[in-house]
1. With r defined as the distance between the Cβ atoms of Glu78 and Gln55 and R0 fixed at 35 Å, what FRET efficiency is calculated, to the nearest 0.05?
2. Distance cut-off 24 Å, Cα to Cα: go down the list Lys81/Lys102; Lys52/Lys81; Lys45/Lys81; Lys29/Lys102 and report the pairs above it.
3. If you stretched the chain out fully between Leu131 and Leu63, how much longer would it get, using 0.36 nm times the residue separation minus the C-alpha to C-alpha distance?
4. From the P(r) of the stretch 11-130, can you give the percent of Cα pairs sitting at distances over 20 Å?
5. Arrange the following residues from fewest to most other Cβ atoms within 10 Å of their Cβ: Met54, Met19, Met97.
6. Give me the distance in nm between label points sitting 7 Å out from Cα along the Cα-to-Cβ direction at Ser48 and Gln113, one decimal.
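Every number in this text was worked out from the coordinates using simple rules, so none of it is lab data. These figures come from a predicted structure and were not determined experimentally. Here Cβ is always computed from backbone atoms with ideal geometry, including for glycine, and neighbour counts include all displayed protein chains.
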Amino acid sequence: ADTQMQHPGRVSFKFINKMQLNDSVCYVKAAFPLLGKILERTEFKENSSNAKKMQMVRRMYSLIDESFDPCIREEDEEERKLSQMCFEEFTTSPYEMLVLVKQFFQDINQLLQNQETFERDCSQVYRRTCLGPRKAGASP
């Protein structure tokens, strides 16, 4: 990733600490909109093999997001506000950021194979896990 990134170096982005949340369904629901922002701003050198792969990953994300019958139910207002309390600022190498993207897709693939519906309300999980005092500098 570092050799083909349009802007190599350190990157900062908001994401979810999967280990803190400790609930795969709620992690995927909370991280999904953040993943879209990461994919939007990740640029590779034009016509590189990674640029072509990133186009494919963005298409996969769009298919999940824009499906007529979305596989991830949109959070209601309270659930969305609570999930935003779980957002953390990460500063990593582009490679480490892309590892998180890969792990996200692996997690969602596993949940879909298990026929998860993503309809569960995660408000209680977010409230229990993300509203307390936060530790600075936690890593994913």
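1. Details: r = 36 Å, r/R0 = 1.02.
Step by step, r from the Cβ atoms, then E = 0.50.
2. Details: Lys81/Lys102 26 Å; Lys52/Lys81 35 Å; Lys45/Lys81 36 Å; Lys29/Lys102 16 Å.
The answer is Lys81/Lys102; Lys52/Lys81; Lys45/Lys81.
3. On the way: separation 68, 0.36 × 68 = 24.48 nm, distance 3.19 nm.
Here the segment from Leu131 to Leu63 would lengthen by 21.3 nm.
4. Values: 3068 of 7140 pairs.
The proportion of pairs with Cα distances above 20 Å equals 43 percent.
5. Numbers: Met54 18, Met19 10, Met97 22.
Result, fewest neighbours first: Met19, Met54, Met97.
6. 3.0
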